[in-house]
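The values are calculated or read from the model by the stated rules, or taken from the named source; none is laboratory data. Just so we're clear, the structure is a prediction, and the values are computed from it rather than from any experiment. With ideal geometry, Cβ positions are generated from the backbone for all residues, glycine too; neighbour counts draw on all protein chains shown.
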Amino acid sequence: MGIDNKKTYMKGGDFMKKVLAFVFLVLFSFSVYASAADKININTATEVELTHIKGVGEKIAKNIIQFREEHGDFKTVEELANVKGVGEKVVENNKESLTVK
């Protein structure tokens, strides 16, 4: 009356497939979360956070904050090009890492 190991446990290959599928799922989920979390919200970012935008130093970061205070929140990322010192090229190069939400 022993337990038949073939029926009780998965075969080695099946087990590894399930483990790899699980690992892939976890890593994929984390990468999706990380990419959303890594975006810089140009409506709420501090001066230091704004300097993480490629092509934006302290002076331009201050210009962004001043523009935001004078004109209100940005409605689109593209509006960032209206800030003195920020050109369309800076916006285009950083579009994927910026948000207004």
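So which pairs qualify, if the first residue must be in the stretch 80-91 and in a loop (DSSP other than H, G, I, E, B), the second must be modelled with pLDDT of 95 or more and basic (Lys, Arg), the Cβ gap must be under 8 Å, and the two must be at least 6 apart or on different chains?
GLY85/LYS59
Working only within the stretch 36-59, note down all residues that are modelled with pLDDT under 70 and either out of contact with any Ser or Thr (no Cβ under 9 Å at 6 or more places or on another chain) or basic (Lys, Arg) (or both).
Hit for the stretch 36-59 is ALA37, nothing else.
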